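Only one structure is covered here, and it is reproduced in the block below.
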Amino acid sequence: MDQFINLTLNGLTNGAVYAALALSLIIIYQATRVVNFAQPALALIAVYIAYTVSQHTGSYWLGFAAALVSGLVMGALTERILIRPVHGRSPLSAIIVTLGLLLVLQGIAGMVWSSEPHSFPYPLDYRGRFSAADVFAVASVGAAALLVFALYRFTPLGLRMRAAAFHPEAARMSGVRVGLMLTAGWAVASVIGALAGMLATPPFLFPHALDAVFVYGITAAVVGGLDNPFGAIFGGLLIGLGLSYVSGYAGPELTTLAALAILVVVLSIRPAGLFTRPTARKV
């Protein structure tokens, strides 16, 4: 029974990280219909910046703040400089751009900070069952999800961002600066991605530290439904719990296969994801 409880708590912690990354992917997908394959690289650079700031100041929390700010700036610049010029063309164009950015940023990380693993601390004590670090991870992702919900639901900025994402032409005719709203959406998504990176990276930081996390994060996004932010949260927790149980009872080498199995089963039952509403189509 103790093992089951430990695996459940560990799954919740990891699932929160996957949920955060899935949420960042869904925010961008809703706005532009682009899956941002560069998200782990943007988060990686943000974490490296946090590492550098922490090394120079001796404060983890200053580094944490630097990661969030740098994530916001990089997300906005990515949309404005790289994505907007190809917006409206084939969706494949933007996907290729994000894949190229992923490779470039990982290469830059290796050149600037080297490919050797760097020790990167947990923000709080990580020892014991559901440690302070685990509580912080779950609470910070929950807080981020609530803030995003409040932003989109209760603020004029959120209303304009939703309008720009779902009805850009009508929003433009109503005076909404659609381009600016899309930039804001990428910025918000990249902040959440940077948060996921800060929670997923300890105890070691290296250029490919977030690759596996991204695989599980995009799996969570697809399982929950790419059109539903709440689905990202549920999908992340489902993947986290499922992989934790598989790792604990069957062995860690089967976790990737288990993620694929969960994805196949869910898509066989609900091809658009668990929380996506079915749409009628005229034929």
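The values are calculated or read from the model by the stated rules, or taken from the named source; none is laboratory data. No experiment lies behind these values; they were computed from the predicted model shown. Positions of Cβ are generated from backbone atoms using ideal geometry, with glycine treated the same way; all protein chains shown enter the neighbour counts. Quick note on the areas: whole protein, heavy atoms, side chains included, nothing else; ligands and nucleic acids left out. Shrake-Rupley method; radii C 1.70, N 1.55, O 1.52, S 1.80 Å.
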Pairs of Cα atoms under 8 Å, at least six residues apart: use those to get the relative contact order of the chain, whole percent.
35
Can you pull the percent of the chain's accessible area that's carbon plus sulfur, 1.4 Å probe, other chains left in place?
69
For region 107-238, the dipole about the Cα centre with charges only on Cβ (Lys and Arg +1, Asp and Glu -1), to the nearest 20 debye, works out at 460
Mean Kyte hydropathy of 1.0 or more with a Cα span along the axis of at least 18 Å, helices from DSSP in the chain:
60-77, 91-113, 132-154, 178-200, 211-224, 229-249, 255-269
Filter the trypsin sites (Lys or Arg not before Pro) in region 124-193 to those in DSSP coil with at most 11 other Cβ atoms within 10 Å of their Cβ, and list the result.
Arg127, Arg129
Using the heavy atoms of the protein chains and a 1.4 angstrom probe, tell me the accessible area per residue for the chain in square angstrom.
50
Could you tell me whether region 126-283 comes out rounded, prolate or oblate from its Cα gyration tensor? Rule is a ≥ b ≥ c as square roots of the eigenvalues, rounded for a/c under 1.5, then prolate if a/b exceeds b/c, otherwise oblate.
oblate
What is the spread of the Cα atoms of region 20-215 along each of their three principal axes, largest first, in whole Å?
54, 36, 29
Which of the listed residues, Pro40, Gly240, Ile96, is farthest toward the dipole's positive end in the chain, when Lys, Arg count +1 and Asp, Glu count -1 at the beta-carbon?
Ile96
Quickly rank 248-260, 189-201, 211-223 as a protection proxy: mean count of other C-beta atoms within 10 Å, highest first.
189-201, 211-223, 248-260
Remind me, relative contact order of region 1-160 in percent, using alpha carbon pairs under 8 angstrom and six or more residues apart?
28
Given the DSSP H assignment, sum -39500 (n - 2.57) over each helix run of at least 4 residues in the chain and divide by its residue total; what's the result at 222 nm in deg cm²/dmol, nearest 500?
-24500 deg cm²/dmol
How much length would be gained if the chain were fully extended between Thr256 and Phe230, taking 0.36 nm per residue of separation minus their Cα-Cα distance, in nm to one decimal?
7.0 nm
Positive-end extreme of charge dipole, the chain - chosen from Gly58, Phe214, Val73 (charges on Cβ):
Val73
Along Cα→Cβ, 7 Å out, is where each label goes; now give me the distance between the ones at Arg89 and Gln55 in nm to one decimal.
3.7
Under a point spin-label approximation (7 Å from Cα along Cα-to-Cβ), what is the Val135-Arg80 distance to one decimal in nm?
4.0
Can you tally the net charge around Leu72? Count Lys and Arg as +1, Asp and Glu as -1, for every other residue whose Cβ sits under 13 Å from the Cβ of Leu72.
0
Here the gain from full extension of Arg153 to Ser114, 0.36 nm per residue of separation minus their alpha-carbon distance, amounts to 9.8 nm
Between Pro271, Pro207, Pro85, which gets the highest mean-square fluctuation from a Gaussian network model of the chain, Cα cutoff 10 Å?
Pro85
